[in-house]
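Below is one structure, written out as structure tokens, with a few remarks after it.
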Amino acid sequence: MKLIPIPGDRAAVLDENFFQECIAMDKKIVDVNELRVDDIPYVGGKGANLGELTSAGFPVPGAFVLTTVAYDYFLEKSKILERIEKELKGIDRTSDQSLTDASKRIRALFETYDIPDDLKKEIVSNYRMVVPRGTVGFVAVRSSATAEDLPDASFAGQQETFLNVSGEEDLFDKVRKCWSSLFTARAISYREKQGFAHSSVKLAVVVQKMVNSEISGIMFTVDPHSGAKNIIIEAGYGLGEAIVGGEVTPDTYDVDKSKMAITKKRISTQKWKYVRGPDGGCLKEDVPAGEEKKQKVEDRRILEIAEIGRQVEIHYQRPMDMEWCIEDNKVYLVQARPITAVGNFASNGKADASGEDVLLTGLGASPGLATGTVRIYEESMSLDVVKDGDVLVTKMTMPDMVPAMSRSVAIVTDEGGMTCHAAIISRELGTPCVVGTGSATTTLKDGDVVTVDGTTGTVYRGEIRKQQDPRGHAAEPVSAEIVPTTGTKVMVNMSMPAKAEEVARLPCDGVGLMRSEFLFTNYIGEHPCAVIDEGRSEELIDKLADGMSKVARAFYPRPIILRTSDFKTNEYRDMKGGVDYEPNEENPMIGWRGCSRYISDMYRDAFMCELKAIKKVRDEFGLKNLHVMLPFVRTIFEVEEIVGMMKTVGLNRGPDFKLYFMAEIPVNIFMAEEFCKYCDAFSIGSNDLTQLVLGCDRDSDILGRMGYFDERNPGVKAAISQLIKVAHKNGKTVGICGQGPSVYPEFAEFLVEEGIDSISLNPDTFVKTKRIIASAEQRILLKGLRDLKNGQ
């Protein structure tokens, strides 16, 4: 048996005997049930994969395929092949207009000649098996090229598909249009870019029973952006063309493939959808106002779709990309293909830019970093306006835009999700891409110089250099001083997002304490409950997320430990509108603060907004380095309730999301074993712990002058030692974020001797204190060596 390679040795192989048998039998049309994945040269990628899915028992609507034999038969009878070849040779490859004009002339040739009568008769015979005479039915007519849906080239959107086709004459017309779409300008350009000879690619046509989708979407069995082994599902209302074409931004659901559990959701707003017109075709229809912001697919259905995807991947033994839809409560697969390009999130550099330089954020659809001149493209323009090195900015990319996309250094769109045309083609081209920004075409201006970070989904003003350090450190440290390496992690404390990029240049291990209070005072400026009562909850969430993301982005991928709001009642009262919501407390330092505030009916909604902002930063902005720390944790009861609140917004502890507890109350030490069950780590707040262990008001000038407030007190040190011992026994880490280590070198040495895992410092004390920590580590090592030598 001889195997025939697909053009360019780029894909599957076919049993030559089978292929020759098909040709000898002159099989111009076959039922999809007869096909398998190896039949690509005969029925194209789409047809072969639908046959494979059908034979394996997956839910696929009925279909038949006009084979490449039918295509060849049409070319033979019409005698247009030589004219096609002449037009292709005459294209000026430096001009998009020349390419477009040649494409129009070639496609007109197909319209000039009718389908031969004997082939028409055969089409009708098969069509009536899908749509019986006397019934009103619709079909989808889909192009299926022999160099399509291959393992390393998707040809996404290059040939045409027609939905809701009804009647024999309409079907004949759409079959010819599919054949001629092999020579659209985009398809010609894409083949040449991918190294396929035009003569080696032929077109089959799939005619499939039309599913009148209520909800539809796309599914990847690995994350196409990062390569993570999660199932990614995108979903939207109506027919799937709006998602595939990037015309709407869909919901995105991540499913852990090993546990088959939903790990995150990104719910989008969809204001319109495509529906079937009364006589076929597609019409736009408004989504009812009450449905616009809802989750498109319920959780149990998400898992059902994910399980189908998992089984398809097992069947093919490779990552797959599928289109799915739902009608009358049943899920159907209408297309499947191997995933052709997967980004490597970890290996691509990120921008080293200040937070103020951020112009736009969206979904990072294709990783990488590129700087160029903005070229805003509208559908009525010539593609020639996009030059080599431009940043293509458009509402959404269309398949016709591939020539311009190939010349662009980066792509930014208003609409679209991870599986839209722009995302797929950008990943194949290796071009950084940010989709779903919402306002790129209005925010950016022609001629602007911008940097596009496809890894984090960010567009920056001006030219930004790339960070090369594998830990995410910027190229230039904030200080020219030599900073020693330590075994203890040394982090920084942060309050102001505007300083994030500057502080991120320090050779630190991340942010051990990000105080969220500054976000409320400087970004919000009002009491959060007042904002909520005015119906501005989304504004509150967005502003909090903006501030959080500036810090997370600046330090990415180093961890950011965000301490949720820890104002005291007197501090909340001082905010605009605060007097209406805050009581007068005699001792607010040990009053209504921290976790007790979060679980109270009076503040619960405000805390939920804070959690939703964190979720938005992690999911919508893709900044998974943001983690949560709860302050002033008094009881197990409040911990359980808060963990439940976090779960309602999708914040669940796991490998990439950690929950920290501040250890600043004696009960945290006495009940450390119990608290360990609910967290991943502790961070010692040495200021509060010292005042509560010693019963000493840290704000008392008298006691301060008398020397009572001192972290070096034996009782305080005993509490810290006990916590580290118990936490380590339970597999938890312990850090400290108070000022003690930077004020008292001997206290820093004590912490190192006790085995503290991390120390977080104010930026201005970082270099000095890290040297102290390094010296302490060296002394401990030297002492250990001496003891070993002396036999102790």
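Summary table below
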read-out	value
Lys/Arg +1, Asp/Glu -1 at C-beta; the chain dipole; positive extreme among Tyr127, Thr431, Leu788	Leu788
Computed [θ] at 222 nm, helices only, for the chain once each DSSP H run of length n ≥ 4 contributes -39500 (n - 2.57)	-10500 deg cm²/dmol
Kirkwood hydrodynamic radius (C-alpha pairs) into Stokes-Einstein, region 615-747, 10 °C and 1.306 mPa s, D in µm²/s	99 µm²/s
Alpha-carbon centroid distance for the pair region 314-331 / region 586-646, whole angstrom	38 Å
Alpha-carbon gyration tensor eigenvalues x 5, square-rooted, for region 703-792, Å	23, 17, 15
Pairwise FRET efficiency - Glu517 versus Glu379, Cβ, R0 = 45 Å, nearest 0.05	0.40
Three semi-axes of the equivalent ellipsoid, region 602-692, Cα gyration tensor, whole Å, largest first	24, 14, 13
At q = 0.24 Å⁻¹, base-10 log of I(q)/I(0) for region 184-244 (Debye sum, equal scatterers on each alpha carbon)	-0.93
Globularity index of region 379-422, i.e. its alpha-carbon radius of gyration over 2.2 N^0.38 Å	1.06
Mean shadow area of region 177-299, taken as a quarter of the surface of its Cα convex hull (nm²)	10.4 nm²
Angle between the chain longest axis and helix 636-648 axis [Cα atoms, degrees, rounded to 10]	20 degrees
Estimated distance in nm for a label pair at Arg653 and Lys104, the labels positioned 7 Å out from Cα along Cα-to-Cβ	6.5 nm
Length-normalised contact order for the chain - Cα pairs under 8 Å, 6+ apart - percent	9 percent
FRET efficiency, 1/(1 + (r/R0)^6) with R0 51 Å, evaluated for Asp357 and Asp173 via beta carbons	0.50
Percent RCO, i.e. relative contact order, over region 172-313, from Cα pairs under 8 Å lying at least 6 residues apart	18 percent
Charge dipole (debye, nearest 20) of the chain; +1 at Cβ of Lys and Arg, -1 at Cβ of Asp and Glu	1520 debye
Kirkwood hydrodynamic radius of the chain, from inverse mean 1/r over distinct Cα pairs, in Å	29.3 Å
Dipole of the chain, positive direction: furthest Cα of Gly90, Ile215, Pro666, with charges on the beta-carbon	Pro666
Longest exposed-site-free window of the chain, the sites being GluC sites (Glu not before Pro) in a DSSP loop that have at most 14 other C-beta atoms within 10 Å	1-291
Relative contact order of region 676-745, pairs being alpha-carbon contacts under 8 Å that are 6 or more residues apart, as %	48 percent
Sequence-distant lysines (8 or more away, or on other chains) whose Cα lies within less than 17 Å of Lys770	Lys489
DSSP-defined beta bridges in the chain - what % are antiparallel, rounded to 5	65 percent
Degrees separating the helix 168-180 axis from the principal Cα axis of the chain, which is the longest one	70 degrees
Positive-end extreme of charge dipole, the chain - chosen from Ile720, Ala554, Tyr598 (charges on Cβ)	Ile720
Pairwise label distance in nanometres, Gln311 with Lys783, each label 7 Å out on the Cα-Cβ vector	6.4 nm
Segment Met706-Glu291, length gained on full extension (0.36 nm per residue, minus Cα span)	143.0 nm
For region 504-633, alpha-carbon Rg and Dmax in angstrom	14.8, 45
Antiparallel DSSP beta bridges within region 595-706, as percent of all bridges there, nearest 5	10 percent
Spin-label model distance (nm) - Val124 vs Ile590, 7 Å beyond Cα toward Cβ	9.3 nm
Principal-axis tilt of helix 537-555 within the chain, Cα atoms, nearest 10 degrees	80 degrees
Compactness relative to 2.2 N^0.38 Å, alpha carbon Rg of region 513-561	1.24
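Where a number appears in this text, it was derived from the coordinates with a stated rule and is not lab data. These figures come from a predicted structure and were not determined experimentally. Glycine gets a Cβ as well: all are built from the backbone with ideal geometry, and neighbour counts include every protein chain shown.
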